[in-house]
Amino acid sequence: MDPDPEAEQAASKILRTTFLTIACTACNSFHTETSTGVSTIQFSLPDSTSKKNINTVPARKKKKKTIYLTFDDGPNKGTRKVMHIAAEEEMPISMFLIGEHVYGTTEQTATFDSLVHCGIVELENHSYTHANNRYSDFYSQPACTVKDFMRCRDSLELTNNIIRTQGRNIWRTKNLSCTDITKSAAAADSLQEASFTLIGWDL
Ligand SMILES: [Zn+2]
């Protein structure tokens, strides 16, 4: 789905910073692990009797980063293919689903059932209506925004409160708060107050 021109302009300004955040942010738990340790460097010298294990170089603190693969707007054409590839590769992924798409056709409903049972795809909330692609109107009424995400969560019986806003680049996590378009901030805050965690950019 295409973001509106207003959203595109604002989103482009923060693309670089948010891309890194997307790559580093978990869909289930948002944390950065830190480890310390001593690295072992083994040198091979011509004289085998001179081989040494040198345990002298303290490793710098390294922040472990995890890339999460997420897919929006399903179930739709291609959803099953992505699911099968993820299963073959044993690669957990997340899909942000649209309620109306789940109930759009019998095929889409069947695809949703497959996602529920495949065990490799974590299902997240991308709203019930996708704002009917009228994003500015959608976010101008925070109560309705929250209601739409609740409808999706409840109708699909999703087991978490992780969501992705439509046509926007909005983050509301424990450690991160940013909104690409200021007019959408009130709706974003309302979603967070309703216990949702908002993750990233709807491309
Ligand atoms: Zn979308």
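Before moving on, here are some points about what is shown:
- Residue exposure proxy: V82, V116, ordered by other Cβ atoms within 10 angstrom of their Cβ from fewest to most, comes out as V116, V82.
- Anisotropy class assigned to region 152-203 is prolate, per the alpha carbon gyration tensor with a/c at or over the 1.5 cut-off and a/b larger than b/c.
- Segment C144-Y103, length gained on full extension (0.36 nm per residue, minus Cα span): 12.7 nm
- Direction-averaged projected area, Cα convex hull, region 72-203: 7.6 nm², rounded to one decimal.
- By the count of other C-beta atoms within 10 Å, a proxy for reagent exposure, I181, I85, I163 are ordered fewest to most as I85, I181, I163.
- Taking region 70-198 and dividing mean pair separation by its residue count, relative contact order in percent (alpha carbons under 8 Å, at least six apart): 22 percent
- Potential lengthening of the chain between V116 and M91 amounts to 7.4 nm, from the contour at 0.36 nm per residue minus the alpha-carbon distance.
- Among T66, T145, the ranking by other beta carbons within 10 Å of each residue's beta carbon, starting with the fewest, stands as T66, T145.
We did not get these values from a lab; they are worked out from the coordinates using the rules stated. The shown structure was predicted, so the numbers you read here are calculated from the model rather than taken from an experiment. Cβ sites come from the backbone with ideal geometry, for glycine too, and all protein chains shown count toward neighbours.
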